[in-house]
Amino acid sequence: MVGSYSPDVFSELLPVYYKRLFPYEPFYRWLSYGPDNTNTFANREMSFTLPGDVYIRYQSFDTIKDFEQEVQKKCPEKIDIGAVYNAKPKHNRMVSCFEVEEKELVFDIDMTDYDKVRTCCSGADICIKCWHLITIATTIIDTALRDDFGFEHRLWVFSGRRGVHCWVCDQTARVLTPNQRAHVAEYLQVLQNEDSNCKTARIPPEKMHPSIRRAVDIIAKDFVEVCVKGQNILGSVTGMKTVLKMLGDDSLRQLTEAAWEALPTDSQTSVDRWNALVAVLDKQQSNLKRWQRYLLEEIMLHFAYPRLDIEVSKGANHLLKSPFCVHPKTGKVCVPFNPLASRKFDPTAVPTLSDLIEEIQKFDAEKVKAGEEMYRKIKDYKKTSMYKGMQIFEEFLRNLEESWKSKKVKEEGMKIIFYLGSQNYNRSNIHAFHNFFFQKWSFRKGVRCRFSLES
Amino acid sequence: MQLYRVPPDFEVSYTEFETSTAERLSILQTIDEVNSKGLKGDEWRKAVIEELKKQDMRGFCKQLTATSCGSAEADFAQRRRDHMSHFVLRLAFCDTEEKRRWFIAREVDLFKLRWMYLRVTEKAEFMKINKLAYDTVSHEEKIELSGYSDIVSPSIEYYKVPFASVSELVRARKVFLKKGYAFITNEDIVSVILTSYRMNLSRSLTFASHKIHLLDEDDRIFMVLKGAGRTRRSVDYEIVPGAEGIDIKNIDTLCEMSFPPCMQKIHHRLRTEHHLKHSARRQYALFLKGIGVAMEDTIAFWRQEFGKKMNPDKFDKEHGYLIRHTYGAAGKRFNYRPMDCLKVISQSVSPGECHGCPFRHDNQQVLKKMLQQNGLSVIGVQEVLDSAKNNHYQVACGKYFQLKHDSDSTVITHPNLYFDMSRDILKGKMPKKEEPGGKIFI
Ligand code: SF4
Ligand SMILES: [Zn+2]
């Protein structure tokens, strides 16, 4: 199904994509965050990259129609999504109190950051072998976001070429300060700069944090398949040298080398060597020094723990490429995918612009010719292989919309309890409540709530 | 000690207003200065207190360290001053983002400092008074969790707080997280308090910044506020009469060895281009005057350089005047003081101009090259670049000084002080590395 795509047709096909395939309506529903947030969409910064690398920041759109028209008119090669401000970015960014109000917490994982630990490709290239590293990364980060931070609304999107983005859309995530974002990102960024043994993972010997333990467990499941076999980490002299160096201890090195040499000539693969290494470490368990307590875990983390570009996550006003953009070079659409099934996601099979447009035409030609007029009403993307990505997006939206409903009920409930329980209120919780109300309601929505309870 | 939730509501005399504000400001500045030494924990606390004592802030120190309350009256007065000065400085620091950030960070430091002096019972009391009640973790829950985490131990009391309120602990992976809640111990609760304190402060400051214009009516208050809103002490450089002069013939050597980067840059420009634009001429002339180059020497030296490109008469007319003016020998005969770093840094610099502070106005490549040329190691270069990148220009300059002279850490506040310190070290008047607890050069 993945036909040939050449960047030359990009500018020709892009207008058709924006006309027929870009999912404006769901996109708008997502960025509006429910009927209560009337300005959320209009105050959102978007920026366009136009042909010739013309970059326009601080665009904003009052309505979905405006957005649709502008996109179709300008046909941006790339759309970036920025923060929601306290005023419309297109008019107000010069006023002094122009400030970020909210922004999804985002993560960016890019294959190029894996160059030191992959052997199959390098730079911009990817293949299914190294993509498995991204799969592991997705699983680790997604689990942490869900189990540790309690984030429910995580949208994972293929970035069009060689990476993935994650948009965390929970209310609590959207209002994090830049500092807090940095802290979350650093919590997830386990790897550090290389130490003298070229190892990037260091686990303090006292205790392993449960989140790291979990990451190690996730990696361990696939480590042999993905790294030892797939990346052939012990299949070359340089690979072997690197791992030996990481052992950081001469006696261990000698033992391991001896074990490798003792392997029969017909079983000298990366996997054989890995097993031999594990056996050596196992046997030496009681002789290991304190700092070597987690050596095996550290090696696995080094090769497979997610490489995050945390600068992207830190800033609340940082821009990130929107889902459903098309990558100019590959022609691939930035489609959402399911992190739980990320193993099944194959980036090389993501439909290109040419594929999609061919698919619509084929569909139209067949059905419409057959006189089945009703098919005309079918949304165009449903006729194409974008369908699957859209289903995932719709499901994400459904969950998000569910949460608005239940949140409303909760807030109403709180109000009632507050009034009912007024005989045992004291000044300070009025204060707290007042603060809560003032921030959440008055400032955000421009509604003034007066309290007469104080008197 | 308090979280300053309620504004002061008492009458004060103007003097009290002014002095308490000045006092708090210098406490915060002192903390800032000590911070640049990069100390942690107890060392940091000791260094701060030491500095404060040196500046005769005994009232404040005593209140901190007092084990029993002194006379109730003195104590009360001190609290009043504390309360009031906090709110006054809020106003003084509310108008720009940069100032707000500085003020919040220093107030948080101050809180930390005080917290370090509280006893366990006092801490508990504090939390009770401030209604800081958090969910505790039940025994069953602890047992359950300790199963898969050796971070949680059943014998310790834990609080459950939203992770965002202890994000610093989260970052360091010092806490156990579950579904958005962090499990923290009694000791760590201070970071929770600080986070909410920080947020409240930040909100109030933003609010104040929108209202500050209402205060314009009272000139006296306005003046105090204007004077107070400075994150660093401004430094006056007095020219000591009779200080040993500088021989202009040595100027190139002096430049390489003892000029701060801002002046080095101008000097090099003058030598290579034989010309300087206005702002650079001014910045440089004042500096030369400050280090003790005689007026005639400056004129002669500049004439020689400028003269390569322009007619000497024209030079005398156009630039000679400026120099004489700068030296207080022409025009208003005002004795101008050399610019301090704040002033140098706050100038605006257009492309092609060479005045200003390299740490602020040069891009990283240019800066890097300059640092390398001055013989800094790769690590040194990176360290300095990092500080500059984080907008700590004077800290960057201090590091640069430290590396170049192999001296103790310092922050540079004045180009001429830079020069003097450098001369002192090179002439062996000052020990290269100071004993611990020695003075810092401010
Ligand atoms: S910090 Fe001060 S002395 Fe150092 S270069 Fe900048 S202005 Fe000059
Ligand atoms: Zn590959």
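Just so it is clear, none of the values below were taken in a lab; they were calculated from the coordinates. Small disclaimer: the values here were computed from a predicted structure and weren't measured. A quick note on method: Cβ atoms are made from the backbone with ideal geometry, for glycine too, and the neighbour counts reach across all protein chains shown.
In this structure, the amide hydrogen of A:Glu152, modeled 1.01 Å from its nitrogen in the peptide plane, lies closer than 5 angstrom to those of A:Asp170, counting only residues at least 5 positions away or on a different chain.
3J(HN,Hα) along region B:349-362, derived from phi through the Karplus expression 6.51 cos²θ - 1.76 cosθ + 1.60 where θ = phi - 60°, amounts to 10, 8, x, x, 8, 10, 7, x, 10, x, 5, 9, 9, 8 Hz, with x in place of Gly and Pro. Label positions at B:Arg271 and A:Gln72, each projected 7 Å from the Cα along the C-beta direction, are separated by 6.7 nm. Stretched out straight at 0.36 nm per residue, the stretch from B:Arg114 to B:Lys249 would grow longer than its current Cα-Cα span by 43.2 nm.
The Cβ shell under 13 Å around A:Gly248 holds other residues with a net charge of +2, Lys and Arg each +1, Asp and Glu each -1. Judged by the gyration tensor of its Cα atoms, with axes a ≥ b ≥ c, region A:210-304 is oblate; a/c meets the 1.5 cut and b/c is at least as large as a/b. The local environment of B:Lys179, defined by Cβ-Cβ distances under 9 Å, has a net charge of 0 under the rule Lys, Arg +1 and Asp, Glu -1. Peptide A:172-183 has a mean of 4 when you count, residue by residue, the C-beta atoms of other protein chains within 10 Å of its C-beta.
Under a 5 Å amide H cut-off, with hydrogens placed 1.01 Å from N, A:Thr352 pairs with A:Gly3 among residues at least 5 apart or on other chains.
Per-residue mean of foreign Cβ neighbours for B:169-177 is 6 (Cβ atoms of other chains, 10 Å radius). Applied to region A:81-93, the Karplus parametrisation 6.51 cos²θ - 1.76 cosθ + 1.60 on θ = phi - 60° returns per-residue 3J(HN,Hα) values of 10, x, 8, 8, 9, 7, 7, 6, x, 5, 9, 9, 5 Hz, with x for Gly and Pro.
Within straight-line reach of B:Lys308, meaning a Cα separation under 20 Å, sit the following aspartates and glutamates at least 8 residues removed in sequence or on another chain: B:Asp252, B:Glu273, B:Glu296, B:Asp297, B:Asp316, B:Glu318, B:Glu353.
For B:Val170, B:Val381, what's the fewest-to-most ordering of other Cβ within 10 Å of each Cβ?
Lowest count first: B:Val381, B:Val170.
Can you tell me how much longer the chain between A:Lys245 and A:Arg398 gets when fully stretched, taken as 0.36 nm per residue apart minus their C-alpha distance, in nm with one decimal?
So the extension gain works out to 50.0 nm.
Evaluated at q = 0.06, 0.08, 0.14 Å⁻¹, the base-10 log of the normalised Debye intensity for chain A, with identical point scatterers placed on the Cα atoms, takes the values -0.35, -0.59, -1.30. For A:Tyr58, the residues whose amide H sits under 5 Å from its own are A:Met46, ignoring neighbours fewer than 5 places away on the same chain, with H placed 1.01 Å from N. Rounded to whole numbers, the Karplus 3J(HN,Hα) couplings from phi for region A:323-337 are x, 6, 6, 10, 7, x, 6, 9, x, 8, 7, 7, 8, x, 9 Hz, using 6.51 cos²θ - 1.76 cosθ + 1.60 with θ = phi - 60°, and x at Gly and Pro.
Which shape class applies to region A:53-176: rounded if a/c is under 1.5, otherwise prolate when a/b exceeds b/c and oblate if not, where a ≥ b ≥ c are the square roots of the Cα gyration tensor eigenvalues? Verdict is oblate for region A:53-176. Summary value for chain A: 22 percent relative contact order, contacts being C-alpha pairs under 8 angstrom separated by 6+ residues. Note on A:Tyr85, A:Tyr33, A:Tyr387: ascending count of other Cβ atoms within 10 Å places them as A:Tyr387, A:Tyr33, A:Tyr85, the fewest first. When only Cα pairs below 8 angstrom with a gap of at least 6 residues are kept, region A:131-226 shows a relative contact order of 26 percent.
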